[in-house]
Amino acid sequence: MAKVEDAIASFERNIEAQTGKSVEAWAALVSARGFEKHGQMVGWLKEEHGLSHSHANHVAKAAMRDASPLPTDDPLSPLFAGAKLGLRPMYDQLVEAVAAFGDDVEIAPKKANVSLRRKKQFALVQPSTASRLDLGLILKGKPPGGRLEASRSFNAMFTHRVRLSDPADIDAEVLGWLREAYEEAL
């Protein structure tokens, strides 16, 4: 079975064969028009140049990707960009503590948060606001109290949430809850 990359390359060759222009050339034309929205780009390509919807959609995505490339060296950059940049040291502090629990910890960045797993997921770190990280924990049977809140609407996969606004909030109590969640994730 062909790889996804092979299928994309084939699709892009078909676009060039059918239109006489490469995806890069089409993306440059779209960018020169100054469109800001994907739908505007697709509509213009279809109406003005007769591209099929799938070809126009692919070109619009390429133009948008070229206009704002994602950093490839650090998958956490989008999570801790702009106003949330100041939260990165707290995240690093949490991950350093979790890594010391054992060599079976998996740290998996996602689009909006970072999953912490062992054999099962046991925690989640999420930059929720410009001034707060939320730490989701799976601590079955542990009653909430004080800073250890019931998860409620934060994330249904987790039993508890701890709000962290300052590096000092990552104290022995929080690290104890984190270790407890880790140990239960067998």
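The values are calculated or read from the model by the stated rules, or taken from the named source; none is laboratory data. Everything numeric here is computed off the predicted structure, so don't read it as measured data. All Cβ positions, even for glycine, are placed from backbone atoms using ideal geometry, and neighbour counts span all protein chains on display. With ligands, DNA and RNA removed, areas are computed over all heavy atoms of the protein, side chains included. Shrake-Rupley method; radii C 1.70, N 1.55, O 1.52, S 1.80 Å.
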Sole miss for L70 among (1) among the hydrophobic types (A, V, I, L, M, F, W, C); (2) at pLDDT 90 or above; (3) exposed (fewer than 11 other Cβ atoms within 10 Å of the Cβ) is condition (2)
Among residues of region 141-186 being charged (D, E, K, R) and within 24 Å of the chain's Cα centre (by Cα), the residue farthest from K119 (Cα to Cα) is D166
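Would you confirm, using the coordinates I've provided, whether E173 is assigned to a helix (DSSP H, G or I), open to solvent by 40 Å² or more (accessible area, probe 1.4 Å) and touching a Leu at 6+ places or on another chain (Cβ under 7 Å)?
Considered against the rule, which asks whether it is assigned to a helix (DSSP H, G or I), open to solvent by 40 Å² or more (accessible area, probe 1.4 Å) and touching a Leu at 6+ places or on another chain (Cβ under 7 Å), E173 comes out as no.
Can you tell me which residue within region 102-115, out of those that are surrounded by 17 or more Cβ atoms within 10 Å (Cβ to Cβ) and in contact (Cβ under 8 Å) with a residue 24 or more places away in the chain, is farthest from the chain's Cα centre (by Cα)?
Only one residue tops the list, namely V105.
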Just one listed residue, out of P75, P89, is open to solvent by 60 Å² or more (accessible area, probe 1.4 Å) and either assigned to a loop (DSSP other than H, G, I, E, B) or among the hydroxyl-bearing types (S, T, Y) (or both), and it is P75
Residues in region 119-133 that are open to solvent by less than 60 Å² (accessible area, probe 1.4 Å) and either in contact with a His (Cβ under 7 Å, 6 or more places away or on another chain) or farther than 15 Å from F154 by Cβ (or both) total 2
Scanning region 152-170 for residues that are of a type in the set (S, T, N, Q) and surrounded by fewer than 16 Cβ atoms within 10 Å (Cβ to Cβ), the one modelled with the highest pLDDT turns out to be S165
By residue number, the members of region 135-151 that are surrounded by fewer than 18 Cβ atoms within 10 Å (Cβ to Cβ) and either in contact with a helix residue (DSSP H, G or I) (Cβ under 8 Å, 6 or more places away or on another chain) or part of a loop (DSSP other than H, G, I, E, B) (or both) are K140, G141, K142, P143, P144, G146, R147
